[in-house]
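Q: Structure provided below as structure tokens; questions to follow.
Just so it is clear, none of the values below were taken in a lab; they were calculated from the coordinates. Quick caveat: nothing in here was measured; it's all calculated off a predicted structure.
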Amino acid sequence: MKVYVFQSGNRTGFKFKFGFTPNSEGSNLPTAGAPWTLVKSLDVGSAGGLKHNSPGVGPILDGIQTKGFAVANATPAL
């Protein structure tokens, strides 16, 4: 699965800094964080195998699975 990492442009009214989504346009990210800017894309593996073991990846992937996206203050250097 390819995950796209976006940075929120709303630094005052939105508490999360990054959005993670399989949507390459980021159009499903919360509008409260807009404007969203693409930071990078990550390949988190094929057939469910993770290539990144950084802390926080599990909750991010869980959020993507349940909501289609995840928002966090995590670093995008997954």
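Q: Please list 3J(HN,Hα) in residue order for the stretch 11-27, calculated via the Karplus relation 6.51 cos²θ - 1.76 cosθ + 1.60 where θ = phi - 60°; whole Hz, with x for glycine and proline.
A: Those phi angles translate into 8, 9, x, 10, 7, 9, 9, 10, x, 10, 7, x, 7, 5, 8, x, 6 Hz.
Q: Let me ask another. For ASN23, which sequence-distant residues (separation of 5 or more, or a different chain) have an amide H within less than 5 Å of its own amide H, given hydrogens modelled in the peptide plane?
A: The answer is TYR4.
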